[in-house]
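The values are calculated or read from the model by the stated rules, or taken from the named source; none is laboratory data. Remember, it's a predicted structure, so these values are computed and weren't measured experimentally. Cβ sites come from the backbone with ideal geometry, for glycine too, and all protein chains shown count toward neighbours. Each accessible area value is taken on the protein alone, full model and side chains, heavy atoms only, with ligands, DNA and RNA left out. Shrake-Rupley method; radii C 1.70, N 1.55, O 1.52, S 1.80 Å.
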Amino acid sequence: MTQLPDQTTDLLRDLIARHIDTVRDGADAVVVHYAWRKTGLDDAAFAGATADLHSAGELDIVHGDQTFLRLTPQGFEHLAPPPEPEEEATEDASKTQGFVQLSRTDMRALVLDIFRLAARAGEVGLTASALAAIWGIECQRAADLRGVIDDMLRSGTLRVERGDRTVFFLN
């Protein structure tokens, strides 16, 4: 297989690698899609890059209770090299600089926005791990998410189903 020249496929590979749950499972498609939209690119470009990587044999799309995007060995071969150690330290510093303490109302609105995006991606619920990953993309603290989720469960805005995975749904 030859490397695909399109920069969107490079970005998609990078986002999958950055948000991977496990090498076997891959990355939650909802989390990758959310990170994609945060770059300013649209859903059509996401679908196109996904199709390109899949048809090139660099991406497996794993369906089940939730959809995962898993890079194949060829997909991993075409990942950009990891950043140099000093560049990595700068990236970590920029993540903490992106944190802005939101009010409880704004946090609640952010959770609702996250669910709206997930619904557009075809998901009816969000796993706890996907919700936590997206919360991290938004540079928010995990402790704040727990409090907001508890509030939204008490008010009936969300409901939870526990099984193999904890899944939250909008009511």
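Of the listed peptides 150-161, 63-74, what is their order by residue-averaged count of other C-beta atoms within 10 Å, with the highest listed first? Before the final figure, lay out each step's value.
Details: 150-161: 13.5, 63-74: 15.7.
The most tightly packed comes first, giving 63-74, 150-161.
Would you work out the relative contact order for the chain, in percent, from Cα pairs under 8 angstrom that are 6 or more residues apart? Could you put the intermediate results ahead of the total?
Details: 184 pairs, mean separation 33.5, N = 171.
With pairs under 8 Å counted, the relative contact order is 20 percent.
Rounded to the nearest 500 deg cm²/dmol, what is the calculated helix-only ellipticity per residue at 222 nm for the chain, with -39500 (n - 2.57) per DSSP H run of length n ≥ 4?
-17000 deg cm²/dmol
So if I place +1 on the C-beta of Lys and Arg and -1 on the C-beta of Asp and Glu, and nothing else carries charge, what would the dipole magnitude of the chain be about its Cα centre? I want it in debye, nearest 20. Before the final figure, lay out each step's value.
Details: 17 positive and 28 negative charges, 185 e Å.
The dipole of the chain has a size of about 880 debye.
Angle, helix 85-97 long axis vs. longest principal axis of the chain, Cα atoms, 0 to 90°, nearest 10?
Result, in degrees: 30.
Counting only heavy atoms of the protein chains, get the accessible area per residue of the chain (1.4 Å probe) and round it to a whole Å² value.
On the way: 9680 Å² over 171 residues.
So the chain comes to 57 Å² accessible per residue, rounded to a whole number.
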